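The values are calculated or read from the model by the stated rules, or taken from the named source; none is laboratory data. The model shown is predicted, which means the values in this text are computed figures rather than measured ones. FYI the Cβ positions are ideal-geometry reconstructions off the backbone, even for glycines, and counts take in every protein chain you see. Accessible surface is based on the protein model in full, side chains and every heavy atom, while ligands, DNA and RNA are left aside. Shrake-Rupley method; radii C 1.70, N 1.55, O 1.52, S 1.80 Å.
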Amino acid sequence: MTTNLLNYDAKALVDFCIEMGEKPFRAKQLLRWIHQFGKVDFVEMSDLAKGLREKLSTLAVIEPPQIVSDHTAKDGTRKWLLSVGAGNSIETVFIPEANRGTLCVSSQVGCALACTFCSTGKQGFNRNLTVAEIIGQLLLANNALKKTDANDLTTQSSRAVTNVVMMGMGEPLANFENVVTALDLMLDDHAYGLSRRRVTLSTSGLIPAMDRLRERCPVALAVSLHAPNDALRDQLVPINQKYPIKQLLAACQRYLQAAPRDFITFEYVMLDGVNDSVTHARELVKLVKDTPCKFNLIPFNVFAGSGYKRSSPESVRIFRDVLMQAGLVTTVRKTRGDDIAAACGQLAGLVKDKTRRTMRKTMEAVK
Ligand code: SAH
Ligand code: SF4
């Protein structure tokens with residue numbers, strides 16, 4: 001089988017070059033051509049000798065996922081549906097803002113963790129994405145944005161990616177090795193050269209993997225809290241039954257020792273009548289009193305069959321005020337790309353095998 005060089009980090013590319021009988025510095029050139037310039041054809045790599053380009057073409061490919069569709073919302077949010085083979089597809093979303101462009105990247109096809117308010121979770125788990133499929137999202141987005149730029153210099157939405165959030169489909173820490181290799185590439189100066197502060201990983205709270213991430217590649221961390229006590233979190237985020245809140249907060253404290261920011265971002269989806277009362281807000285304030293953190297309240301994004309309703313703007317405001325008055329920095333996430341279903345938790349892609357894992361199997365799958 002031909003090697004897909006998109007699966008390789010800097011070190012693996014060096015090994016590959018040595019195996020080919022080439023000098024190790026060729027790896028740096030390859031890394032730049034692929035990730036900085038977005039080239040997927042060896043022919044275009046003009047500072048490589050013709051013989052080497054030919055050799056590469058016989059041994060390897062550079063193969064990101066196939067773009068199935070590409071939609072831009074009224075607010076400039078852009079969503080790509082990418083095919084990853086066997087009838088499966090994933091979604092990637094670009095969110096342009098005045099001073100940055102954020103790409104929301106997927107890590108799995110479906111998700112085993114079955115949070116009750118999440119459309120990806122409702123699909124069940126299909127498989128982990130490869131490194132090529134994860135980093136390929138960044139490569140494709142940058143290429144597409146560059147193209148838009150060339151065609152239309154007036155559009156605001158055409159800037160390249162400056163920030164990455166691992167907040168697309170899937171639980172990134174349940175696909176640890178591939179996600180960390182992709183993160184390494186995002187940070188590598190010869191690849192995407194993003195700083196650790198500009199790359200945020202969001203997790204539902206897989207504690208052992210949070211500890212491993214702290215050691216291997218401590219990027220900024222967001223934790224999906226969604227409830228102020230175990231009874232409620234057990235229902236909304238079932239993995240809480242295995243990794244309850246107290247242990248989760250202790251893991252956040254440990255993470256902060258290596259984190260590029262001096263706070264953890266807690267995400268909190270606002271579900272009408274479920275977790276959005278003043279009592280919940282007060283309980284939350286007590287809960288996190290010893291954890292340096294910021295809150296990001298996410299208005300629930302409705303999808304067919306979810307069974308939940310979005311909290312009213314009034315409840316969200318009151319909830320935010322309780323947190324703010326207690327000195328917690330709190331933002332309310334703007335809902336972007338609503339008209340193309342590109343908002344948090346609406347990413348669904350297409351999953352061929354919709355078999356739902358049982359909770360027992362899910363727990364086994366997530367060590
Ligand atoms: N699996 C990871 C990252 C992907 S989800 C995690 O759970 O953290 C990114 C964020 O969107 C999470 O905070 C998730 O809880 C939230 N989310 C999921 N479904 C949502 C929905 N329907 N409306 C709003 N936010 C949602
Ligand atoms: Fe998975 Fe995150 Fe959705 Fe939960 S919220 S089901 S962990 S993608």
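Here are the numbers for the structure shown:
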quantity	calculated
Residues (among the hydroxyl-bearing types (Ser, Thr, Tyr) and surrounded by fewer than 22 Cβ atoms within 10 Å (Cβ to Cβ)) located in region 119-135	Thr130
Selection count where residues are within 16 Å of ligand 2 (Cβ to nearest atom) and out of contact with any Cys (no Cβ under 7 Å at 6 or more places or on another chain), scope region 93-110	7
Residues of region 298-324 classified as within 8 Å of ligand 1 (Cβ to nearest atom) and closer than 16 Å to Pro228 by Cβ, total	1
Check on Ala227, away from ligand 2 (no atom under 12 Å from the Cβ), in contact with a helix residue (DSSP H, G or I) (Cβ under 7 Å, 6 or more places away or on another chain) and either in the same structural domain as Lys147 (by TED's automatic domain parsing) or at pLDDT below 95 (or both)	yes
Subset of region 270-297 (residues that are in contact with a strand residue (DSSP E or B) (Cβ under 8 Å, 6 or more places away or on another chain) and more than 11 Å from ligand 1 (Cβ to nearest atom))	Asp272, Asn275, Asp276, Leu284, Val288, Thr291, Pro292, Cys293, Lys294, Phe295
Pick from region 194-208, criterion under 12 Å from Leu248 (Cβ atoms) and surrounded by fewer than 23 Cβ atoms within 10 Å (Cβ to Cβ), ranking: nearest to ligand 1 (Cβ to nearest atom)	Ile207
Qualifying residue in region 237-248 (condition: away from ligand 2 (no atom under 16 Å from the Cβ) and open to solvent by 40 Å² or more (accessible area, probe 1.4 Å))	yes
Selection within region 210-236 - more than 13 Å from ligand 1 (Cβ to nearest atom), under 22 Å from the mean Cα position of the chain (by Cα) and either open to solvent by 10 Å² or more (accessible area, probe 1.4 Å) or of a type in the set (Ser, Thr, Tyr) (or both)	Asp211, Arg212, Arg214, Glu215, Arg216, Pro218
Test: residue in region 4-11 that is among the hydroxyl-bearing types (Ser, Thr, Tyr) and assigned by TED's automatic domain parsing to the domain that holds Asn128	no
Within region 102-152, tally of residues that are of a type outside the set (A, V, I, L, M), within 15 Å of the chain's Cα centre (by Cα) and more than 9 Å from ligand 1 (Cβ to nearest atom)	7
Given (1) farther than 28 Å from Val219 by Cα; (2) in contact (Cβ under 8 Å) with a residue 60 or more places away in the chain, index of the condition Thr265 fails	(1)
Filter result (among the β-branched types (Val, Ile, Thr) and open to solvent by less than 10 Å² (accessible area, probe 1.4 Å)) within region 167-193	Val179, Val180
